[in-house]
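The values are calculated or read from the model by the stated rules, or taken from the named source; none is laboratory data. Predicted, not measured: the structure shown is a model, and the values here were computed from it. With ideal geometry, Cβ positions are generated from the backbone for all residues, glycine too; neighbour counts draw on all protein chains shown.
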Amino acid sequence: MYRLEEIKRAARGMWSLVVGLNITGKYFLQPNVTIHYPRQEVDNLATFRGHIELIPEDNDSLTPRCISCGTCAKACPSGCITVTKKKAPAPTPEEVEQGVKPKAPKDPETFRLDFTLCSLCGQCVMSCPANAIRFSQNINIAGYSRQDFQFDLVARLRSRLPKHVKKAE
Amino acid sequence: MFTKEQIAERGFYTQHFEQGKQDNSLILNMGPQHPSTHGVLRVMLEIDGEYILRADPVLGYIHRMHEKMAEGKTYAQFITNMGRVDYLHALAWNWAFVGAVEKLGETPPSPRAEYLRVITCELNRISSHLLWWGAYLLDLGAFTPILYAFDDREELLDILQDLTGSRLTYASFTFGGVVTDMSDALKERITRFIARLRDRLPMYKSLVTDNFILLGRVEDIGHIPVDMAVRYGATGPVLRGSGVAYDVRRAEPYSVYPGLDFVVPTSDRTDALGRYLVRMQELEQSLNIVEQAVAQIPAGDIQAKMPKKPKVPAGEVFFAVEGARGKIGCYLQSNGSGSPYRVKLRAPSFSNLSLFAELSQGTLLADAVSILGSLDLVIPEIDR
Amino acid sequence: MIDPQLLRILVALVGILVFVALNALALVYAERKIAGHVQRRPGPYEVGPHGILQPLVDGLKLMGKQLTTPKDADPVIFWLAPIMCFMPVALCMLPIPFGPNLVALKLDLGIVLILAFAGFGVLSLCLAGWGSNNKWSLLGAARSVAQNVAYEIPLLLSVLSVAFMTGSLDLATISAGQGALPWQWNALLNPLGFIIYFICALAETNRAPFDLPEAESELTAGFHTEYSGMGFGLFFMAEYANMVVVCSVATVLFLGGWNGPFAPGWWWFLLKMYALIFLIIQIRWTYPRVRFDQLLNLCWRWLVPLALVNLVYVTIIVKL
Amino acid sequence: MSAHFLQDLPCLFTAAQDPLKTGLTFSVLLPPDQVREAARLCRGKGYHLEDVTVSEVQEGTLVLYHYDHFDRPGRICCMALSADNSFDSIADIFPGADWHERECCDFFGTAFAGHPNLIPLLLPPDAQTPPLKKQDGNKVPLTTIFPWAQAPATLEEA
């Protein structure tokens, strides 16, 4: 009796093997689902995070919205952002007469991002009081040295290079 | 505590190997570069033929000291670390930490955010289980299932990328909310994915679960009686595979889980097959949860109104969530300053792996691989 | 003067070596392509049109690699093993009749020659495992010896059943003895023998689901863990050459050899052989690996008794 | 309440907690020599050990054992305070504590007397200073984190 059970079990087992072959055989005949990367691209890049970039003013596409407050640099868990403020310009003759010191412009002199340290967590984007940072679409990024990933985002904005160009500086 | 010299004198680095090699046996180091130790786990084995006399896992190869990092960071900065403790179910860890801070500060998230958390966390659980499924079969010598699983997982990661901004190391929960909202198009996409995976699960079953050879590899292997699970504190599918219906989502309800209809699958088999079946059923249950959450999600803000820097009062809190591998706990002590005073991360794999030494004694080498796989270990979570 | 028989063998050997080497290349490509499409990806795609040059490039890469001998390994045994693994396979091809007159070495005892040389394979795996001075390799070698010795028995018994049916050990006679149509082939006259032979052939060639000696998720790479460059390359080629041999023998013994419903010839032989190889490849990409004790249980508890029963059945059929 | 049984021990302080606020149902501060007894009681009641962790306060080193129950969920926390950074091991009662105690030893240099094999678990064997040890100036008093430890609390208050 026990033997009979075992034989039945073996027969069922053999059938499960045939079922498996049938499934892989079917998939063998179906088209591929992979995408050939350099020739094709995936279609979900819109939400994919590239390194951060500065958002320009609405009316001036060369000046960043950034107010050089440094909140992002403080919020960053990896310390990869360094913001330097602009110095006030030399006072004009009128200002000297009136004894007013010229105000420094709000936008930063440089906005350095060390992308080698960045973990793309988005704390800087969330913390920015001026909504001046967003994730770029620059995701096909490659370089030969670490220096290739030290970006100055202000310069990158000014140069207004097309997004697919690798180097920002 | 032993000094360095004493350790050197003992010759072996682990508890179970203090007496050294016995006659006619072989000391074998499985890992840290072994294909089926999933990353950098090392298991020292003493084998007689292919039978394991003693086994002892050696940890620490990917230890990063997250708990120390917490003390030097602000609360918000530490969320980023949480995506990297368990890279397969990162959102559960996000939730454990964010939830602990919210609980201590008594600042609950907005209702919509609660649902978004449930949706993303459950989708993440599915992606984790899918990867486990593929990797486990890879351990057992079947190559193809992991690619089928990845086919589905890819669609899932696309959805999660839309919902969270990342594909693997998520840091998408904030104190009081989540980062990204869900659009209607995405809602539809999730519904489509649920239908798609439900279509695929029968194929998974007939290709793998019913397979005669697979059953031979997982049946009656690595029995974990309930008592053993209690002694070692095993949780998650490992425990449920032993017939205990313990799930943090039900036992210590958090978020909107009490309002969602799902069952906690268990299996009385207690062996590797039991754990396998439990995980396969959890896939279906997670799909049910996502389906309900997507249907019930209220409109509103994704972020509750609260200060940008959370004010965490002094005190202690333990917040547990159900991860793909078991109970994820975040124990937080705060002294009222801007950084945590002490964070203890309770990793489920840590406890689940600690019973391996006892579990694998007397089994075959191939079974040890099968048992390791059935525990579903994520080494970075164990080493933290 | 050179003995014409010797000349014939020499020419045939060269031809067979070329055939085996080309086959190995083609099969590596086929395996990777089939694996790819089963898994819904293209497989090799970049080198040459549809990656057709991939195995060639892989071969060149393997040849260019440094040959390292592990510390404290026995260099003679270590390097003898891959050569010993590959060479007998070529000899196994000698008595196989591809067509009615397309056979390198006409032998009355062709099948015995093949089985004898096939036995070399296990010896070389054993040497490789022992000579590597590596614990994983040693385990792999131990597994391969136990596995191959066990599976030789049902294999022989199933071959014997065919020999009973045709009353000959000459492969050409066995081929010719089967008719043109599928129901005249031994596979359908003696189905149990064919199934047993096929399972044993998988085990003898160490193919999944019986790839225990190399089982990479258990033994890293088993007996060839320590081999680099062409050392590994020879084992690799031998695996594919072995596949060709067992499938050729299966074609001759069970599938009617060169016979076909119309226009009999060597193309029928190749067609059947490659169909079997395709099946073996697809099996590899479908099933998990069995456990070692299950493998031996299958052999001793199922295949050996079944093969004996089959032998009795065949004897009765023949006698009637 | 399920955690009554721990009050039979000579506790220093006990507190019934609100699980919705702290995730715990019951906390107890024990003298260090009662830790094993508490573990034994929990083991007898079917509790499992969630984790063992150490924290430093001004009064000394604090060890915390979190227990929970599979069938009757409700986390209890047993704590003990030691001035010399050493405790008794409970690895023989809960084998799962073995690794947790080794981890604590790694991070805080805490010695667990009676532990079978207190060698580094996560850190390399030649690690120097325990990484999580705090400077004296950075420690806070016990009552900052555990306000209930000022006065003996009773269950009736909850």
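Out of all the residues in the range D:138-149, is one or more within 18 Å of the chain's Cα centre (by Cα), within 28 Å of residue B:245 (Cβ to Cβ) and within 9 Å of chain B (Cβ to nearest Cβ)?
No, there is no match, as no residue in the range D:138-149 is within 18 Å of the chain's Cα centre (by Cα), within 28 Å of residue B:245 (Cβ to Cβ) and within 9 Å of chain B (Cβ to nearest Cβ).
Considering only the range D:1-53, state which residues are under 14 Å from the mean Cα position of the chain (by Cα) and within 19 Å of residue B:314 (Cβ to Cβ).
If the condition is that a residue be under 14 Å from the mean Cα position of the chain (by Cα) and within 19 Å of residue B:314 (Cβ to Cβ), then D:13, D:24, D:27, D:29, D:53 are the ones that fit.
Every residue, every condition in (1) modelled with pLDDT of 80 or more; (2) more than 18 Å from residue C:264 (Cβ to Cβ), yes or no:
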position	(1), (2)
C:154	yes, yes
C:158	yes, yes
C:163	yes, yes
C:180	no, no
C:186	no, no
C:189	no, yes
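Is it the case that the range D:56-77 has a residue that's modelled with pLDDT of 85 or more, more than 12 Å from chain B (Cβ to nearest Cβ), touching a helix residue (DSSP H, G or I) at 6+ places or on another chain (Cβ under 7 Å) and surrounded by fewer than 22 Cβ atoms within 10 Å (Cβ to Cβ)?
no
Does residue A:55 satisfy the condition of being among the β-branched types (Val, Ile, Thr), touching a residue at least 24 places away in the same chain (Cβ under 8 Å), surrounded by 13 or more Cβ atoms within 10 Å (Cβ to Cβ) and within 14 Å of chain B (Cβ to nearest Cβ)?
Working: among the β-branched types (Val, Ile, Thr): yes; touching a residue at least 24 places away in the same chain (Cβ under 8 Å): yes; surrounded by 13 or more Cβ atoms within 10 Å (Cβ to Cβ): yes; within 14 Å of chain B (Cβ to nearest Cβ): no.
Here the answer is no, as residue A:55 does not meet what is asked.
Taking the options B:366, B:347, name whichever one is buried (at least 24 other Cβ atoms within 10 Å of the Cβ) and farther than 24 Å from residue B:231 by Cβ.
On the way: B:347 fails: farther than 24 Å from residue B:231 by Cβ.
Just a single option satisfies the conditions, and that option is B:366.
So if I check each of D:18, D:88, D:33, which one is within 11 Å of chain B (Cβ to nearest Cβ) and either closer than 19 Å to residue B:347 by Cα or surrounded by fewer than 24 Cβ atoms within 10 Å (Cβ to Cβ) (or both)?
Working: D:88 fails: within 11 Å of chain B (Cβ to nearest Cβ); D:33 fails: within 11 Å of chain B (Cβ to nearest Cβ).
Sole residue among the options that is within 11 Å of chain B (Cβ to nearest Cβ) and either closer than 19 Å to residue B:347 by Cα or surrounded by fewer than 24 Cβ atoms within 10 Å (Cβ to Cβ) (or both): D:18.
How many residues are more than 7 Å from chain B (Cβ to nearest Cβ), at pLDDT 85 or above and in contact with a helix residue (DSSP H, G or I) (Cβ under 8 Å, 6 or more places away or on another chain) when one looks only at the range D:108-123?
Of the residues in that region, 2 qualify.
Do you know which of the residues in the range A:15-49 that are in a helix (DSSP H, G or I) and more than 7 Å from every other protein chain (Cβ to nearest Cβ) is nearest to residue B:155 (Cα to Cα)? Talk me through it step by step, then tell me what you get.
Restricting attention to the range A:15-49, the residues satisfying the condition of being in a helix (DSSP H, G or I) are A:15-29, A:45-47.
Okay, now just the ones that are also more than 7 Å from every other protein chain (Cβ to nearest Cβ), so A:15, A:18, A:22, A:26, A:29, A:45-46.
On the way: A:15: 32, A:18: 29, A:22: 25, A:26: 21, A:29: 22, A:45: 14, A:46: 15 Å.
Residue satisfying both the conditions and the ranking: A:45.
Determine, yes or no, whether residue C:66 is surrounded by 14 or more Cβ atoms within 10 Å (Cβ to Cβ), on the phi < 0 side of the Ramachandran plot and touching a residue at least 40 places away in the same chain (Cβ under 8 Å). Walk me through how you get there before you give the answer.
Details: surrounded by 14 or more Cβ atoms within 10 Å (Cβ to Cβ): no; on the phi < 0 side of the Ramachandran plot: yes; touching a residue at least 40 places away in the same chain (Cβ under 8 Å): yes.
Spelling it out, it is not the case that residue C:66 is surrounded by 14 or more Cβ atoms within 10 Å (Cβ to Cβ), on the phi < 0 side of the Ramachandran plot and touching a residue at least 40 places away in the same chain (Cβ under 8 Å).
Test of understanding: among C:279, C:219, which residue is of a type outside the set (Gly, Ala, Ser) and at pLDDT 85 or above? Steps first, answer last, please.
Details: C:219 fails: at pLDDT 85 or above.
Going through C:279, C:219 in turn, just one is of a type outside the set (Gly, Ala, Ser) and at pLDDT 85 or above: C:279.
May I ask you to verify whether residue A:85 is at negative phi, touching a Gly at 6+ places or on another chain (Cβ under 9 Å), of a type in the set (D, E, K, R) and in contact (Cβ under 8 Å) with a residue 12 or more places away in the chain?
Numbers: at negative phi: yes; touching a Gly at 6+ places or on another chain (Cβ under 9 Å): yes; of a type in the set (D, E, K, R): yes; in contact (Cβ under 8 Å) with a residue 12 or more places away in the chain: yes.
Yes.
For residue C:297, state whether it is assigned to a helix (DSSP H, G or I) and out of contact with any helix residue (DSSP H, G or I) (no Cβ under 8 Å at 6 or more places or on another chain). Full working, then the answer.
Values: assigned to a helix (DSSP H, G or I): yes; out of contact with any helix residue (DSSP H, G or I) (no Cβ under 8 Å at 6 or more places or on another chain): yes.
When the stated conditions are applied, residue C:297 passes them.
Go through the range C:186-205 and give me each residue that's β-branched (Val, Ile, Thr) and either within 12 Å of the chain's Cα centre (by Cα) or outside any helix (DSSP H, G or I) (or both). Working first, answer last.
Looking only at the range C:186-205, we keep the residues that are β-branched (Val, Ile, Thr), and these are C:195-196, C:199, C:205.
Across the range C:186-205, the qualifying residues are C:199, C:205.
For residue C:275, work out the one condition from (1) within 14 Å of another protein chain (Cβ to nearest Cβ); (2) in contact (Cβ under 8 Å) with a residue 60 or more places away in the chain; (3) assigned to a helix (DSSP H, G or I) it doesn't fulfil.
Going through (1) within 14 Å of another protein chain (Cβ to nearest Cβ); (2) in contact (Cβ under 8 Å) with a residue 60 or more places away in the chain; (3) assigned to a helix (DSSP H, G or I) one by one, residue C:275 breaks only (2).
Find the helices (runs of 4 or more DSSP H) located wholly in the range B:1-85 whose residues include 3 or more that are within 14 Å of chain D (Cβ to nearest Cβ) and modelled with pLDDT under 85, and list them. Write out each step before concluding.
Numbers: elements: B:4-10, B:66-71, B:75-82.
The helices (runs of 4 or more DSSP H) meeting that bar are B:4-10.
Quick one: residue C:233 ticks every box in (1) crowded, with 21+ Cβ neighbours inside 10 Å; (2) farther than 18 Å from residue C:143 by Cβ except a single one, so which number is it?
Residue C:233 satisfies all of (1) crowded, with 21+ Cβ neighbours inside 10 Å; (2) farther than 18 Å from residue C:143 by Cβ except (1).
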